[in-house]
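Notes for the one structure printed next.
We did not get these values from a lab; they are worked out from the coordinates using the rules stated. Given the structure is predicted, the values throughout are model-derived calculations rather than measurements. Virtual Cβ from ideal backbone geometry, glycine too; neighbours counted across all protein chains shown.
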Amino acid sequence: MAKAIIFDFDGVLADTFDKALDICRQLFTDVTLDDFLNHHNGNVYEKPVMKFDKKGEEFYHQEYLKRADANRFFPLIGQLELICKNYKLYIISSNSEISIKKYLKLTGADKYFERVMGVETEKSKKTKFRMLFDEYGYKPDECVFVTDTLGDILEAKHAKIKTIAVTWGYHDKKRLESGNPEIIINDFSQLLPAIEKINN
């Protein structure tokens, strides 16, 4: 039975696709839309399509932080408020914890989450899942991961965590289906019902 709901950030909680693509194109002038989408087919640090050096990573995170905007947060506050009544909420992301926490503070969503685990903690989401298990005493079947990319679905499956894939983020339904998530949802209002369906 699920006790913890783990969220990816970009494309799930916040509409950052255009912003992230624009920053990447400042670093890689010849990057295509397909390149950007394929970059998220796996772990963006382990199997990158765009290979960031240390300076590039710093530039990306600085630019991302400067462009933090509460208006980019998807209309999920009502859903988060309902979900946190019965579950503990966490964020596991490849992005910077500093940037994510800024978004959460700007929107008031910070009160819903127990912890944010970003790149400062660890680059591998598989490792961050294990860290969450160890630190909070969860078993894989007590967690559900909400994500918008194929790469995340595959990392969650490696950790034996069930996934809810959302189509309002980076990857479309067809690409998400190739990872065989438990459920795919298309509307914000479907989030809590999807969690409850998995739990039952």
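Using helices alone, what [θ] at 222 nm do you get for the chain, with -39,500 (n - 2.57) per DSSP H run of 4 or more residues, divided over all residues and rounded to the nearest 500?
Value at 222 nm, helices only: -12000 deg cm²/dmol.
Report the local net charge at residue 17: Lys and Arg +1, Asp and Glu -1, summed over other residues whose C-beta lies under 12 Å from its C-beta. Each step should come with its number before you reach the end.
Details: positive: 19, 72; negative: 10, 15, 18, 22, 148, 172.
The answer is -4.
For residue 119, list long-range residues whose amide hydrogen, built 1.01 Å from N in the peptide plane, is under 5 Å from its own amide hydrogen.
For residue 119, whose amide H was placed from the backbone, the distant partners under 5 Å are 95, 96, 97.
Tell me the net charge near residue 47. Cut-off is 15 Å between Cβ atoms, residue 47 excluded, with +1 for each Lys or Arg and -1 for each Asp or Glu.
0
Given points 7 Å out from each Cα along the Cα-Cβ axis, report the residue 141 to residue 3 separation in nanometres with one decimal.
1.4
Only residues of the stretch 1-31 count here: report those whose backbone N is under 20 Å from the spot 7 Å along Cα→Cβ of residue 46, or say none.
6-10, by backbone N distance to the label point.
For the stretch 124-135, just list the computed ³J(HN,Hα) in residue order, Karplus coefficients 6.51, -1.76 and 1.60, θ = phi - 60°, integers in Hz, with x standing in for Gly and Pro.
8, 5, 4, 5, 5, 4, 5, 4, 5, 4, 5, 6
Relative to the compact-globule scaling 2.2 N^0.38 Å, provide the ratio for the alpha-carbon radius of gyration of the stretch 103-162.
So the stretch 103-162 has a normalised radius of gyration of 1.18.
List the residues, sorted by chain then number, that are 5 or more residues from residue 184 or on another chain and whose placed amide H is less than 5 Å from its amide H.
Close amide H contacts, sequence-distant or interchain: 165.
Under 16 Å Cα to Cα from residue 123, which lysines show up? Leave out anything in the same chain fewer than 8 places away.
Cross-link targets: 47, 51, 54.
How much length would be gained if the chain were fully extended between residue 34 and residue 15, taking 0.36 nm per residue of separation minus their Cα-Cα distance, in nm to one decimal?
Roughly 5.0 nm would be gained on extension.
Take the Cβ-Cβ distance between residue 106 and residue 82 as r, set R0 to 25 Å, and report the resulting FRET efficiency rounded to the nearest 0.05.
0.75
Please report the net charge: other residues with Cβ closer than 13 Å to the Cβ of residue 60, K and R +1, D and E -1.
Spelling it out: positives minus negatives among the neighbours equals +1.
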